[in-house]
Amino acid sequence: MSKSLSPFTKEQLLPQEETLEVLKRKGKLFIGIPKETSFQEKRVCLTPDAVSALVNNGHRVLLESGAGEGAKFKDKDYSEAGAEITKDTSKVFSCPILLKVEPPTLDEIKLINPQTILISALQLKTQNKTYFEALAKKRITAIGFEFIRDEDGAYPAVSQLSEIAGTASVLIASELLSNVNNGNGLLFGNISGVPPTEIVIIGAGTVGEFAVRSALGLGANVKVFDNSISKLRTLQSRFGTAIYTSTMQPKNLLKALKRCDVAIGAVRGKNRSPILVSETMVESMKIGAVIIDVSIDMGGCFETSEITRHDKPTFIKHGVIHYCVPNIPARYSRTASVSISNIFTPYLLKIADDGGIENALRFDRGLKNGLYFYHGILTNKSVADWFDLDYSDANLLIF
């Protein structure tokens, strides 16, 4: 029998065990929560209960003193939940993971350490090119929570805040109609023998749906306008009752606006909200009628809308009261904070369970959708197109 020419032994030629993938190892997070400095921003990212859940899972949370005061959470509440409290702002910004509601200012970015993970809103329409250049310089990995998708493909953060804005728009309108605020003295309720308050809602998205829910609950007569028949059909079936619905036909819309006591604008566009109600239409409305333009953060859908603030939220034009505050959820800071915290907490625990942000982005497409900076490289095409910047596809960087 001829001698084998193989350089390997018989044992070496047998199938061998091979490690194909290193299993995920649970990581420990160190999260910094700075105090919000944006004008009239009172929300906070995590509630004391959320902090307690994170600390009990072995993570550290460093909170700037007073960060929860706007939402009526005391430092003591956070301290008892296991958070570390500091008055040193730069110490909070030096944490490996930063949680914010509003995007950081340029001065705050200077305090952030290189390679930090930033999770906050992006608010693309309020940003400028310098903001993204500053993030790139620090090689920051940034996630915009309004872009994060869930397993159903929906945007949970946007939906949650839209629910608050929709419900709040009706409550604000009811306040503005009362005599206390020099309104027409109308009660937002279906009182026996008294004609119900007429309300027009433009837009049948999440904001519109929750505005309809609140208005119907108070007993108002609701009319909904939207160009999407499927959205209007969904709205009809969801409430199980006949609601006046119509497409955006100017004749029907003008007729409804002339009769209504409240008009709520909740239409979003690609770059800005389309103007659906002209100044002439506003002039035809009742004296003392109320306009709540929820879409003012994208330019507004009423031609007469101008941005207002929480401390001076209304102005009168053509005898009509206009409420055009862009950040309505901040008016209900505690509810909004709990809502945001409910979104953040599971994602933070998942990032830890997956062994860090790298693995979490690899396994969770919805979280990856929220990524707009990866180690200083821009990964969001919308941002790149808007500000004329270079970008790389996240799928080419993370695989």
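What the table below lists for this structure:
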{"quantity": "Cross-link reach list, lysines versus K270, counting only Cα pairs under 27 Å and skipping chain neighbours closer than eight places", "calculated": "K100, K125, K129, K223, K231, K251, K368, K381"}
{"quantity": "Options A336, V224, I112, ranked by Cα towards positive dipole end of the chain, top entry (Cβ charges)", "calculated": "V224"}
{"quantity": "Local electrostatic count, F225, Cβ distance below 15 Å [Lys/Arg +1, Asp/Glu -1]", "calculated": "+4"}
{"quantity": "Degrees separating the helix 206-218 axis from the principal Cα axis of the chain, which is the longest one", "calculated": "50 degrees"}
{"quantity": "By accessible area with a 1.4 Å probe, ligands and nucleic acids excluded, highest first: order of S295, S38", "calculated": "S38, S295"}
{"quantity": "Net charge contributed by nearby residues that have their C-beta within less than 13 Å of N184 (K/R +1, D/E -1)", "calculated": "-2"}
{"quantity": "Ordering of 214-221, 150-157 by packing [mean C-beta count within 10 Å, highest first]", "calculated": "214-221, 150-157"}
{"quantity": "The chain, dipole about Cα centre (Lys/Arg Cβ +1, Asp/Glu Cβ -1), debye to the nearest 20", "calculated": "320 debye"}
{"quantity": "Inter-part distance where region 272-303 and region 162-194 are each reduced to a Cα centre, Å", "calculated": "18 Å"}
{"quantity": "Computed helical MRE - 222 nm, the chain, DSSP H runs ≥ 4 contributing -39500 (n - 2.57), nearest 500", "calculated": "-10000 deg cm²/dmol"}
{"quantity": "Relative contact order computed over the chain (Cα-Cα under 8 Å; 6+ residues apart), in percent", "calculated": "17 percent"}
{"quantity": "Karplus 3J(HN,Hα) series, Hz, for region 368-373 with 6.51 cos²θ - 1.76 cosθ + 1.60 (x for Gly, Pro)", "calculated": "4, 5, x, 6, 10, 9"}
{"quantity": "Percent of beta bridges antiparallel (DSSP, the chain, rounded to nearest 5)", "calculated": "20 percent"}
{"quantity": "Solvent exposure of region 272-399 as accessible area per residue, Å², 1.4 Å probe", "calculated": "44 Å²"}
{"quantity": "Most fluctuating residue given options K270, K223, K35, as computed from a GNM of the chain linking Cα atoms under 10 Å", "calculated": "K270"}
{"quantity": "Candidate values (1) 0.99; (2) 1.21; (3) 1.40, label of the one derived for Cα Rg over 2.2 N^0.38 Å", "calculated": "(2)"}
{"quantity": "0 to 90° range, to nearest 10: angle between helix 229-239 axis and the chain longest Cα axis", "calculated": "80 degrees"}
{"quantity": "Region 77-101 versus region 131-152: alpha-carbon centroid distance in Å", "calculated": "20 Å"}
{"quantity": "DSSP bridge pairs, region 264-399: antiparallel proportion in percent, nearest 5", "calculated": "55 percent"}
{"quantity": "Sequence-distant residues sharing a close amide H with L378 (under 5 Å, placed H)", "calculated": "S392"}
{"quantity": "Cα-projected label distance for N342 with I191, points at 7 Å along beta-carbon direction, nm", "calculated": "3.4 nm"}
{"quantity": "Cut-off under 5 Å, modelled amide H: who pairs with I264 long-range", "calculated": "V200, I201, I202, I292"}
{"quantity": "Accessible surface, per residue, of region 127-209 when the full set of protein chains is kept, probe 1.4 Å, Å²", "calculated": "44 Å²"}
{"quantity": "Whichever aspartates and glutamates have a C-alpha closer than 18 Å to that of K74, once near sequence neighbours (fewer than 8 apart) are set aside", "calculated": "E36, E41, D49, E64, E84, D88"}
{"quantity": "Accessible carbon and sulfur surface of the chain relative to its total accessible area, %, 1.4 Å", "calculated": "52 percent"}
{"quantity": "Beta bridge orientation in region 31-134: antiparallel %, DSSP, nearest 5", "calculated": "0 percent"}
{"quantity": "For region 74-143: relative contact order, % (alpha-carbon pairs under 8 angstrom, 6 or more apart)", "calculated": "29 percent"}
{"quantity": "0 to 90° range, to nearest 10: angle between helix 156-176 axis and the chain longest Cα axis", "calculated": "20 degrees"}
{"quantity": "Local electrostatic count, H318, Cβ distance below 12 Å [Lys/Arg +1, Asp/Glu -1]", "calculated": "-1"}
{"quantity": "Amide H partners (placed H, <5 Å) of G183, local residues excluded", "calculated": "S178"}
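The values are calculated or read from the model by the stated rules, or taken from the named source; none is laboratory data. Fair warning: this is a prediction, and the values are worked out from it, not measured in the lab. In this analysis, Cβ positions are derived from the backbone assuming ideal geometry, glycine residues included, and neighbour counts consider all displayed protein chains. Ligands, DNA and RNA are excluded from the accessible area calculation, which covers all protein heavy atoms including side chains. Shrake-Rupley method; radii C 1.70, N 1.55, O 1.52, S 1.80 Å.
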